[in-house]
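The structure appears below as structure tokens.
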Amino acid sequence: MLVGDDPASHIYVRNKRRACDEVGFANFHIELPAETSQELLLARLAELNADPAVHGILVQLPLPRHIDEQAVLMAVSPAKDADGFHPLNQGALLQGAASLRPCTPRGVMALIDESGCPLKGRRAVVVGRSNIVGKPVALMLLERHATVTVCHSRTADLAAEVAGADVVVAAVGVAKLVQGGWIKPGAVVIDVGMNRDENGRLCGDVDFAAAVERAAWITPVPGGVGPMTIAMLLQNTLDAAWRR
């Protein structure tokens, strides 16, 4: 579901629909004008919740300012919550129970696994504490027996925290905040950021050019975490279909 005319949201939805087509998922695009009322949006969600032909529901964020984003996310059936944002699914993650998990953190974990880095006993630093990425990825790392530190804008010595990390997940939304010289040689660096640099070019939260000289594995921006997020959206939808 897409509400409004945010240009970036249209691009994201188009990419997600293309991925669905590539793997053979039926997908239903519901586009509503920006002035759509919250009541109408919730009514459409109720229809999708009740429709047995729908296994996954995604409401593209951000929503227009007059709509309560949390109320809308709460209205999506937890069993069809392809984004993994519903509080019941987030709570299940906290308890270590099976659930539909947030797509970007799930993609981050898949990328770390692909690097071959064993997480048990390793030190992981997550830069950022959002409900969408920072907090859930920290919980997933803890679940895999990593020793996890969550950093944020008020962390006293971010450089020192990052320098001791075997795994760095940067998800704070500040261009090139994490300096390449901070990276521990041989570390795995996952850059979730999507920003613009001083020249208007896309860049991540990590200074890639410097960090790539020290990291054993590092994701590029764009082209790293973004495609994995879409892949995990499809995986969540498949998981939801099998559970039904």
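Quick notes
- Residue that is farthest from Glu22 (Cα to Cα), among those in region 196-225 that are without any contact (Cβ under 8 Å) to a residue 60 or more places away in the chain and small (Gly, Ala, Ser): Ala210
- Number of positions in region 40-86 that are exposed (fewer than 15 other Cβ atoms within 10 Å of the Cβ) and part of a loop (DSSP other than H, G, I, E, B): 7
- Among the residues of region 87-100, the one identified as part of a loop (DSSP other than H, G, I, E, B) and either among the aromatic types (Phe, Trp, Tyr) or touching a Leu at 6+ places or on another chain (Cβ under 6 Å) (or both) is Ser99.
- Count of residues meeting criterion [under 17 Å from Leu238 (Cβ atoms) and not basic (Lys, Arg)] in region 82-108: 10
- Residue list for region 17-39, filter: of a type in the set (Phe, Trp, Tyr) and surrounded by 14 or more Cβ atoms within 10 Å (Cβ to Cβ): Phe25
- Subset of region 172-199 [more than 19 Å from Thr229 (Cβ to Cβ) and β-branched (Val, Ile, Thr)]: Val174, Val178, Ile183
- Annotation for region 58-67: at least one member residue is in contact with a Ser or Thr (Cβ under 6 Å, 6 or more places away or on another chain), polar (S, T, N, Q) and not assigned by TED's automatic domain parsing to the domain that holds Asp166.
- Under the condition of being in contact (Cβ under 8 Å) with a residue 40 or more places away in the chain and surrounded by fewer than 20 Cβ atoms within 10 Å (Cβ to Cβ), the residues counted in region 160-178 number 3.
- Scan of region 193-236 for residues that are within 15 Å of the chain's Cα centre (by Cα) and of a type in the set (Val, Ile, Thr), ordered by number: Thr219, Val221, Val225, Thr229, Ile230
- Every listed requirement among (1) in a loop (DSSP other than H, G, I, E, B); (2) loosely packed, with under 15 Cβ neighbours inside 10 Å; (3) on the phi < 0 side of the Ramachandran plot is met by Gly181 save one, (1).
- Checklist (1) surrounded by fewer than 18 Cβ atoms within 10 Å (Cβ to Cβ); (2) under 27 Å from Phe85 (Cα atoms) applied to Asp157, failing item: (2)
- If you go through region 128-147 and keep only what is in contact (Cβ under 8 Å) with a residue 24 or more places away in the chain and over 14 Å from Thr104 (Cβ atoms), you end up with Glu143, Arg144, His145, Ala146, Thr147.
The values are calculated or read from the model by the stated rules, or taken from the named source; none is laboratory data. Here the structure is a predicted model, which means the values were calculated and not measured. Note: ideal-geometry Cβ built from the backbone for every residue, glycine included; neighbour counts use all protein chains shown.
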